[in-house]
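Structure first, commentary second.
Derivation of every value follows stated rules applied to the coordinates shown; laboratory data play no part. Here the structure is a predicted model, which means the values were calculated and not measured. Here the Cβ positions follow ideal geometry from the backbone for every residue, glycine too, while neighbour counts run over all protein chains shown.
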Amino acid sequence: MIAPLAIAAANIGVCVIVKAVSYPPKECPIRPGGISSKVYRTEVSLEEYLAYTTEESEKVKMNAYAAKFGGDIKKGIAALAGEMRNGI
């Protein structure tokens, strides 16, 4: 679950960068100054999710697939993502 961000600003422009890796896509509410809110949906490809996942079990599985391809992480991610899409 992504926690909402509360951002306070005093008469200045605010630039907010939210980087969240999630699969499946999730919603991230942003409330500048607590007055109103906007909800942004984070969405990345399955390959990008696998490349940056922090879930230990997924990292172990992804590294095992990379090992099948001589340590090539790109090929390992592609193979794992293909199998996940096909329900294998």
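In the stretch 60-81, what residues are over 11 Å from L50 (Cβ atoms) and not basic (K, R)? Spell out how you get there, then give the answer.
Within the stretch 60-81, the subset over 11 Å from L50 (Cβ atoms) is 60, 64, 67-72, 75.
Across the stretch 60-81, the qualifying residues are V60, A64, A67, F69, G70, G71, D72.
Just give me the residues in the stretch 39-55 being among the hydrophobic types (A, V, I, L, M, F, W, C) and farther than 11 Å from L80 by Cβ, in sequence order. Hits for the stretch 39-55 are V39, V44.
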